[in-house]
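Engineer: Would you mind keeping the following structure in view while I ask a few things?
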Amino acid sequence: MIFYARVKPMGNIKIEDIAKEIIKGGSEHNEATIIDILSRSNQVIIEKMAQGYSVNTGVFHGHLTVNGVFNGVTDRFNPEQHRLIASFTSGNELREVLKKTQVEILGKQTGEPVIGKVIDSLSEKEDSIITPNNVIIVKGNRLKVAGEDASVGVYLINQSDDIRHKCDQIISNDPKQLMVMVPALSAGNYELEIITQYSSGHNFKKTVSKTQFEHILIVE
């Protein structure tokens, strides 16, 4: 039998959290100033990558690529057929830290839902783009949404404001696959979360099980 390890989710870190950590490290700047500097840094990175520059921050190396087929040297870029993609790889500093990171195996995960893959039914994109008012297919294990707790359900959480959008329409609800209608979401980055009391036995679990997908889902 083969086992695969998953990193235990520890939550999401936002720019405000980074600023607080910098202050803890002894910075003389206040939180508002640090957030402003970080925000300006992000904007410079975005602008330079959009202009075609490769950016190396130490944390990541980013550059643009173009997806899609062109039918000759005179063929023009068509947003319906071609797409600009930002590609990122680990930077040298991050790779060096990862080499020194100690890994602790906590044991076999039992009874918890596991999200393995999310497929957008319209674009057929995996683990990336999702389309509002269309169906996503969620594959994994112990995913069935069941239980009487008020929190049970499928949620898409906006990463910019932490607003939780519940997916009220679940078309298919099986342990290994869900088919869920995406609400009318605005553009942004979203985290998929499933809360359930499903048990392989006849009764619901007494407490809810919660799992978050490791990939951020994007509404364009």
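The values are calculated or read from the model by the stated rules, or taken from the named source; none is laboratory data. What you see is a predicted model, and the numbers here were worked out from it, not measured in a lab. No Cβ is skipped: glycine too gets one built from the backbone with ideal geometry, and neighbour counts run over all protein chains shown. Heavy atoms of the whole protein, side chains included, go into the accessibility calculation; ligands, DNA and RNA do not. Shrake-Rupley method; radii C 1.70, N 1.55, O 1.52, S 1.80 Å.
Engineer: Filter region 180-192 down to residues that are open to solvent by 60 Å² or more (accessible area, probe 1.4 Å) and out of contact with any Pro (no Cβ under 7 Å at 6 or more places or on another chain) and give me whichever is nearest to Ala5 (Cα to Cα).
Structural biologist: First, pick out the residues of region 180-192 that are open to solvent by 60 Å² or more (accessible area, probe 1.4 Å): 184, 186-187, 189.
Remaining after also requiring out of contact with any Pro (no Cβ under 7 Å at 6 or more places or on another chain): 186-187, 189.
Details: Ser186: 34, Ala187: 32, Asn189: 26 Å.
Per the criteria, the residue is Asn189.
Engineer: Of the residues in region 15-31, how many are in contact (Cβ under 8 Å) with a residue 12 or more places away in the chain and under 19 Å from Asp161 (Cβ atoms)? Explain how you work it out, then say what you get.
Structural biologist: If we filter region 15-31 for residues that are in contact (Cβ under 8 Å) with a residue 12 or more places away in the chain, which is where we start, we get 15-16, 18-19, 22, 31.
Restricting the remaining residues to those that are under 19 Å from Asp161 (Cβ atoms) gives 15-16, 18-19, 31.
Of the residues in region 15-31, 5 are in contact (Cβ under 8 Å) with a residue 12 or more places away in the chain and under 19 Å from Asp161 (Cβ atoms).
Engineer: Could you check region 211-220 and list, in sequence order, the residues that are hydrophobic (A, V, I, L, M, F, W, C) and open to solvent by less than 50 Å² (accessible area, probe 1.4 Å)? Lay out the reasoning, then the answer.
Structural biologist: If we filter region 211-220 for residues that are hydrophobic (A, V, I, L, M, F, W, C), which is where we start, we get 213, 216-219.
Correct list: Phe213, Leu217, Val219.
Engineer: Would you pick out the residues in region 106-123 that are at pLDDT below 90 and in a loop (DSSP other than H, G, I, E, B)?
Structural biologist: Leu106, Gly107, Lys108, Gln109, Thr110, Gly111, Glu112, Pro113, Ser123
Engineer: Pick from region 132-142 the residues that are modelled with pLDDT of 95 or more and assigned to a loop (DSSP other than H, G, I, E, B): which of them is nearest to Val219 (Cα to Cα)?
Structural biologist: Going through the qualifying residues, I end up with Pro132.
Engineer: I'd like to check something: does region 156-177 contain any residue that is touching a His at 6+ places or on another chain (Cβ under 9 Å) and not polar (S, T, N, Q)? Quick ask: steps written out before the conclusion?
Structural biologist: Filtering region 156-177 for residues touching a His at 6+ places or on another chain (Cβ under 9 Å) gives 156-158.
The next check asks that each one be not polar (S, T, N, Q); those that pass are 156-157.
Yes - at least one qualifying residue is present in region 156-177.
Engineer: Scan region 39-66 residue by residue and report those that are in contact with an Asp or Glu (Cβ under 7 Å, 6 or more places away or on another chain) and open to solvent by 50 Å² or more (accessible area, probe 1.4 Å). Walk me through how you get there before you give the answer.
Structural biologist: Step one: list which residues in region 39-66 are in contact with an Asp or Glu (Cβ under 7 Å, 6 or more places away or on another chain), which gives 58-59.
Val59, the sole residue that qualifies.
Engineer: Continuing with this model, one more query. Check Ile195, Ile171 and return the single one that is more than 15 Å from the chain's Cα centre (by Cα), surrounded by fewer than 18 Cβ atoms within 10 Å (Cβ to Cβ) and either in a strand (DSSP E or B) or charged (D, E, K, R) (or both).
Structural biologist: On the way: Ile195 fails: surrounded by fewer than 18 Cβ atoms within 10 Å (Cβ to Cβ).
The conditions single out Ile171.
Engineer: Something else: Restrict the check to region 68-85 and report whether at least one residue is among the β-branched types (Val, Ile, Thr), under 18 Å from Gly52 (Cα atoms) and either in contact with a Leu (Cβ under 8 Å, 6 or more places away or on another chain) or exposed (fewer than 10 other Cβ atoms within 10 Å of the Cβ) (or both). First the steps, then the outcome.
Structural biologist: Going through region 68-85, the residues among the β-branched types (Val, Ile, Thr) turn out to be 69, 73-74, 85.
Keeping just the survivors that are under 18 Å from Gly52 (Cα atoms) gives 85.
Checking the rest, the ones that are also either in contact with a Leu (Cβ under 8 Å, 6 or more places away or on another chain) or exposed (fewer than 10 other Cβ atoms within 10 Å of the Cβ) (or both) come to 85.
Checked against the condition, which is being among the β-branched types (Val, Ile, Thr), under 18 Å from Gly52 (Cα atoms) and either in contact with a Leu (Cβ under 8 Å, 6 or more places away or on another chain) or exposed (fewer than 10 other Cβ atoms within 10 Å of the Cβ) (or both), region 68-85 yields at least one hit.
Engineer: Quick one: which of Val154, Val145, Val208, Val138 is surrounded by 13 or more Cβ atoms within 10 Å (Cβ to Cβ) and more than 23 Å from Asn12 (Cα to Cα)? Explain how you work it out, then say what you get.
Structural biologist: Numbers: Val154 fails: more than 23 Å from Asn12 (Cα to Cα); Val208 fails: more than 23 Å from Asn12 (Cα to Cα); Val138 fails: more than 23 Å from Asn12 (Cα to Cα).
The conditions single out Val145.
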